[in-house]
Amino acid sequence: MSKRALILIDIQNDYFTGGKWSLHGMDSAAGNAARVLAAARSAGDTVVHVRHEFESADAPFFAPGSSGAQIHSDVKPLAGEPVVLKHKVNAFLGTDLKAQLDKAGVQEVTLVGAMSHMCIDAAARASADFGYATTVIHDACATRDQEFAGQQVPAAQVQAAYMAALAFAYATVVSAEQYLAG
């Protein structure tokens, strides 16, 4: 039995073009996530899908029960693959994600999904803090432009800054090609 898990975080319809909160490069990220997902399934790795829903119907995106809150068709869960519902940024907070990983004997966690500067960052740090060897597939993750103190920060710079920070102390950060090559 594999000791690895692939965790797909918030690859949901609202993040794609036409959704309520579209991200820069989401189509490409989802395509890479789908390739990594196919490899994980083929290798017999544990696969866990994480889906975010806000608790209020007036949420800016991922409203409860909305089509925007559903997992995108590129990475649709197969029967038997768990889907963890979260209401917070960190996929481990208030969910049974850690219990599922521990029950499966997981020691290595690979993360893909969105948003790089929020849920991927939080999950990677928590995963490392819990002692899992953590990998982030940077081009299977997406983010969006940000603003701070009146300064616009383009999505590419947001992505680079967060991946650099994770690579410094929390995760191995690689491309999908590097990961799939072994």
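Cβ-Cβ below 6 Å, separation at least six or inter-chain, first residue in region 64-91 and open to solvent by less than 30 Å² (accessible area, probe 1.4 Å), second charged (D, E, K, R) and modelled with pLDDT of 95 or more: which pairs?
Gly68/Asp14; Gly68/Lys20; Ala69/Glu53; Ile71/Arg51
Residues of region 1-30 being closer than 23 Å to Gly65 by Cβ and either among the small types (Gly, Ala, Ser) or assigned to a loop (DSSP other than H, G, I, E, B) (or both), which ones?
Within region 1-30, the first condition is being closer than 23 Å to Gly65 by Cβ, and the residues that meet it are 8-23, 26, 30.
Across region 1-30, the qualifying residues are Asp10, Ile11, Phe16, Thr17, Gly18, Gly19, Lys20, Trp21, Ser22, Leu23, Ala30.
Under the condition of being among the hydrophobic types (A, V, I, L, M, F, W, C) and in a loop (DSSP other than H, G, I, E, B), which residue from region 36-63 is surrounded by the fewest Cβ atoms within 10 Å (Cβ to Cβ)?
First pass over region 36-63, keeping only residues among the hydrophobic types (A, V, I, L, M, F, W, C): 36-40, 43, 47-48, 50, 54, 57, 59, 61-63.
Going one step further and asking which of them are in a loop (DSSP other than H, G, I, E, B), we end up with 54, 57, 59, 61-63.
Numbers: Phe54: 16, Ala57: 9, Ala59: 18, Phe61: 18, Phe62: 22, Ala63: 18.
So, considering only residues that are among the hydrophobic types (A, V, I, L, M, F, W, C) and in a loop (DSSP other than H, G, I, E, B), the one surrounded by the fewest Cβ atoms within 10 Å (Cβ to Cβ) is Ala57.
Is it fair to say Ser2 is in contact with a Gly (Cβ under 7 Å, 6 or more places away or on another chain), modelled with pLDDT under 95 and either open to solvent by less than 60 Å² (accessible area, probe 1.4 Å) or within 14 Å of Leu180 (Cα to Cα) (or both)?
So Ser2 passes the test.
Quick one: which of Ala33, Ala99 is open to solvent by 20 Å² or more (accessible area, probe 1.4 Å) and not in a loop (DSSP other than H, G, I, E, B)?
Working: Ala33 fails: open to solvent by 20 Å² or more (accessible area, probe 1.4 Å).
After applying the criteria, what remains is Ala99.
Give the number of residues within region 4-51 that are closer than 14 Å to Ala140 by Cα and among the β-branched types (Val, Ile, Thr).
Number of matching residues: 4.
Given the conditions (1) at positive phi; (2) in contact with a His (Cβ under 7 Å, 6 or more places away or on another chain); (3) not β-branched (Val, Ile, Thr), and given that Glu81 satisfies all but one, which numbered condition is not satisfied?
Condition (1) is where Glu81 drops out.
Kindly list, by first and then second residue, each pair from a residue in region 102-128 that is touching a residue at least 12 places away in the same chain (Cβ under 8 Å) and within 16 Å of Val84 (Cα to Cα) to a residue that is in a helix (DSSP H, G or I) and among the aromatic types (Phe, Trp, Tyr), limited to pairs with Cβ atoms under 6 Å and residues at least 6 apart or on different chains.
Close Cβ pairs (under 6 Å, with a partner that is in a helix (DSSP H, G or I) and among the aromatic types (Phe, Trp, Tyr)) amount to Ala114/Tyr15.
I'd like to check which strands (runs of 3 or more DSSP E) are fully inside region 106-172 and have at least 2 residues that are open to solvent by 10 Å² or more (accessible area, probe 1.4 Å).
Those strands (runs of 3 or more DSSP E) span 133-142, 146-148, 151-153.
Yes/no per residue for (1) charged (D, E, K, R); (2) more than 17 Å from Val48 (Cβ to Cβ); (3) out of contact with any helix residue (DSSP H, G or I) (no Cβ under 7 Å at 6 or more places or on another chain):
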site: Ala114; (1), (2), (3): no, no, no
site: Arg125; (1), (2), (3): yes, yes, yes
site: Asp129; (1), (2), (3): yes, yes, yes
site: Ala142; (1), (2), (3): no, yes, no
site: Phe168; (1), (2), (3): no, yes, yes
site: Thr172; (1), (2), (3): no, yes, yes
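The values are calculated or read from the model by the stated rules, or taken from the named source; none is laboratory data. Everything quoted here is computed from the prediction, not taken from an experiment. Using ideal geometry, Cβ is built from the backbone for each residue, glycine included, and neighbour counts are taken over all protein chains shown. What goes into the accessible areas is simple: the full protein's heavy atoms, side chains included, and nothing from ligands, DNA or RNA. Shrake-Rupley method; radii C 1.70, N 1.55, O 1.52, S 1.80 Å.
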